[in-house]
Structure formats: structure tokens, C-alpha cells
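Presented below is the structure to which this report refers.
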Amino acid sequence: MFSGSIQALALKAFALCAGVAIGSVAGPISVKSQTYPTQPVRILVGFGPGSAADILARLVGKQMEASLGQPIVVENRPGNSSMIAAETVARAAPDGYTLFMATIANTLNPAETKSNFNLARDLAPIALLGIVPNVLVAHPSVPANNLQELIALAKSKPESLTFGSSGYATASYMAAELFNAKAGTAVVMVPYQGGSNQALSDLLSGRITLMFNVAATLAPHVAAGKLKAFAVAQSQRASIMPDVPTLAEAGMSGYDAGIWIGLLAPAATPPEIVEKLSAAANQALSHDAVRAALKAQGTDPVGGTPKEFADFIRADIEKWTAVLASPGARK
């Protein structure tokens with residue numbers, strides 16, 4: 001009479017043991033991961049208030065609050081091309097409560113220096129949030145009306161054109177060096193210690209002839225006829241300048257130098273927390289009001305999975321490392 005009961009108990013015991021075994025292989029999901037978040041979440045931004053990264057962090061962070069049920073606090077920690085903020089987050093507890101708003105500066109830094117910090121190793125990607133389009137523009141005096149004419153001019157008169165940039169290994173500098181490498185040109189680099197504003201001022205006055213800069217800054221000058229736009233330096237057209245072709249569309253395949261912005265956590269953050277944050281960030285980007293606000297200030301929303309962002313970061317570091325190692329790159 002007990003055989004049925006004994007058999008049932010044996011089956012339950014077997015199932016329990018199997019469950020423990022499976023849990024051991026897959027890795028336990030902590031109670032903290034299941035209840036996360038239970039307190040406010042900080043996002044550190046390596047640039048000051050009003051920067052593209054700061055605006056994106058506040059827009060997306062505010063919308064993420066609804067999904068996570070906790071406040072999102074944005075803290076500005078500018079300094080050393082945002083590396084101070086990056087290293088602070090890398091050293092933080094991997095519990096999902098301290099996050100980092102990274103930019104292209106953080107893939108340019110490891111390409112340029114031999115820092116102990118490594119973005120791909122020390123931080124866990126959550127989601128690529130947006131791209132701030134770079135645009136190739138020229139002073140109206142440049143006798144070229146499209147990309148092919150510009151490349152032909154640069155090859156026929158190698159010293160006649162100059163690229164203004166914010167300095168060595170900055171986004172504008174690297175975009176120009178990538179252009180030289182792909183076009184087979186040697187346009188002279190003119191770095192500005194005062195940053196892109198000083199370079200843009202000299203471009204508008206005709207002291208330099210070419211520059212890569214963000215679309216939102218350049219759009220009014222292009223509309224007024226003070227500059228001519230040749231192409232957008234990313235794989236897709238910029239929503240703020242929809243009539244300007246990409247460099248690929250203009251004939252330079254494989255060119256991509258948009259200024260990206262994305263969210264990351266400390267490297268050892270549990271995958272369940274990373275996935276929860278990624279879902280919240282992507283949901284925030286899906287809201288029409290957020291997308292409209294981002295596009296209005298010149299940022300094109302992206303989104304995607306943690307793996308897609310991780311692959312993007314690795315490819316970006318490899319790309320810029322190769323550009324700086326090329327014979328034509330000048331310091």
C-alpha cells in the first residue's frame with residue numbers, strides 16, 4: 001500500500017536533485033537580482049551639463065524610472081575625456097546602482113593610450129542609446145561640389161586643403177584621419193587647443209577649409225550658405241540633416257565615424273540586472289516624446305541588446321587603433 005507513495009516521493013526527490021544540478025550549471029540567480037532595484041540608480045556622465053551625453057542620460061533616465069520603479073539620478077563627473085567617470089564606475093560595486101554614460105571618447109582613449117582601464121574588459125555594456133552624427137563640411141570657397149570632386153582636388157593639390165580638429169585623437173581628428181586613409185589623401189591636419197568652437201570659427205572665416213563636426217552645430221551654417229555639406233560620417237543619414245548623403249552613399253564604402261553614446265555597468269554586474277536595465281533603456285527609447293526630444297537636439301536614437309553593444313565597442317576600439325597605427329596618422 002505504500003509503494004505508490006514511496007514512488008511519488010522518489011520522483012520528487014529526483015526532480016529536486018535535478019533542479020539543484022541544473023541550477024549549479026546555469027549559475028544561481030540571487031535574491032538581490034530578482035528584487036532589483038530597491039534604491040535609486042546613479043548614472044555618471046563624463047561631461048558637463050548640457051552636453052549630448054548629459055541630455056541623453058536625463059531624457060532616457062527619466063523614462064527608465066517608470067520601468068524600474070526607482071529614481072534615476074544623473075551625476076556629472078567631467079575630466080580627462082570622461083575617463084574619471086568611467087574609472088569610478090568600473091571600481092563601483094557591481095550591483096546595478098552605479099552606471100556610466102559612455103561615448104566614443106572611451107573607445108578612442110584605449111586606442112591612443114596604454115591606460116590600465118579597458119572599456120571592453122572593465123564595464124558591462126547595457127545598450128547603445130544614440131548616435132550624434134558627424135558631418136563633413138567645407139568653406140564655400142573650396143572648388144568642389146561633391147565627395148568625388150573633393151577627393152580629386154585633395155589628390156591634385158595635396159597641401160591646398162586643411163582639416164580643423166579639436167586635437168589629436170579626438171572624434172573630429174579621427175574622423176578626418178579615417179577619411180584620409182580611405183580616400184588615399186593627405187589633407188593637412190590643424191589641431192585646435194581651444195576645441196571645436198575655435199576650429200569652426202576659423203572654418204567660417206576661411207582660415208581652414210574642411211572639418212568634421214556634429215550635425216546640430218553645423219546645420220544652421222549650412223542652411224545659411226556659410227558652409228557646404230558633403231556627407232554624413234555614419235552608416236545612416238542624420239535626421240537633423242536628411243538631405244545630406246552618407247559617405248557610403250557618396251562613394252566611400254565602409255566609413256562610419258558617428259559619435260556614439262551608450263549605457264554601461266561595472267563588469268561583474270549580474271546578467272539578470274544588465275538585461276533588466278537594457279529592457280528599461282530600450283523601452284525608454286521607444287517613447288515618441290523621447291525620440292522627438294533627442295532628434296531635436298541632434299541625436300539619433302538607436303537601442304539594441306547588451307551583446308550587440310559589446311560587439312560594437314570591440315569593433316570601434318579595433319577600428320580606431322588601426323587608424324592611429326597607420327603611417328599617415330600624425331600626432
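Details
- Amide H within-cut-off set for Val74, under 5 Å, with H built and near neighbours excluded: Ile43
- Of interest is the spacing of the C-alpha centroids, which for the stretch 187-251 and the stretch 92-160 amounts to 14 Å.
- Rounded, prolate or oblate (a/c below 1.5 giving rounded, otherwise prolate when a/b exceeds b/c) for the stretch 80-144 by Cα gyration tensor: prolate
- Rel. contact order, % - alpha carbon contacts under 8 angstrom, at least six apart, the chain: 25 percent
- The string of couplings for the stretch 147-156 from the Karplus curve (6.51, -1.76, 1.60, θ = phi - 60°) is 4, 5, 5, 5, 5, 4, 5, 5, 7, 7 Hz, one whole number per residue in order, with x for Gly and Pro.
- Nearest 10 degrees, 0 to 90: helix 306-325 Cα axis against the chain principal axis: 40 degrees
- Here is how the number arises for the chain: DSSP H runs of 4 or more residues each give -39500 (n - 2.57), the sum is divided by the residue count, and the result at 222 nm is -14500 deg cm²/dmol.
- Compared with the dominant principal axis of the Cα atoms in the chain, helix 196-205 is inclined by about 30°.
- Computed in the context of the full set of protein chains, the accessible area of the stretch 160-299 at 1.4 Å probe radius has 51% of its extent on carbon or sulfur.
- When +1 charges are put on Lys and Arg Cβ atoms and -1 charges on Asp and Glu Cβ atoms, the dipole computed for the chain relative to its Cα centre reaches about 200 debye.
- Using the Cβ of Ala231 as centre and a radius below 10 Å, the other residues enclosed give a net charge of 0, where K and R count +1 and D and E count -1.
- Largest-first ellipsoid semi-axes for the stretch 286-329, taking √(5λ) over the Cα gyration tensor eigenvalues, angstrom: 31, 16, 4
- Cα-projected label distance for Arg121 with Ser326, points at 7 Å along beta-carbon direction, nm: 2.7 nm
- Between Arg91 and Gln148, the simple label model (points 7 Å from Cα in the Cβ direction) yields a spacing of 5.5 nm.
- Taking the C-alpha atoms only, the angle from helix 3-26 to the longest principal axis of the chain is near 20 degrees.
- On the basis of the beta-carbon distance and an R0 of 35 Å, Ser235 and Ala292 show a calculated FRET efficiency of 0.95.
- With a Cα cut-off of under 19 Å and a minimum spacing of 8 residues unless on different chains, the lysine pairs in the chain number 12.
- Each Cα pair under 8 Å and six or more residues apart adds its separation to the average, and for the stretch 178-331 the resulting relative contact order is 19 percent.
- Normalised by the number of residues in the stretch 85-222, the average gap of Cα pairs under 8 Å and 6 or more apart makes the relative contact order 27 percent.
- Distance between the pseudo-spin-label points of Ile84 and Gln39 (7 Å out from Cα toward the beta carbon): 2.4 nm.
- Solvent-accessible surface of the chain, averaged per residue with a 1.4 angstrom probe and all protein chains in place: 46 square angstrom.
- The peptide list 123-134, 91-102, put in order of mean Cβ contacts within 10 Å with the highest first, becomes 123-134, 91-102.
- Extension gain from Ser205 to Ala224, taking 0.36 nm per residue of separation minus the Cα-Cα distance: 5.4 nm
The values are calculated or read from the model by the stated rules, or taken from the named source; none is laboratory data. Being a predicted model, the structure only gives us computed values, none of them experimental. A quick note on method: Cβ atoms are made from the backbone with ideal geometry, for glycine too, and the neighbour counts reach across all protein chains shown. Accessible surface areas use protein heavy atoms only, side chains included; no ligands, DNA or RNA. Shrake-Rupley method; radii C 1.70, N 1.55, O 1.52, S 1.80 Å.
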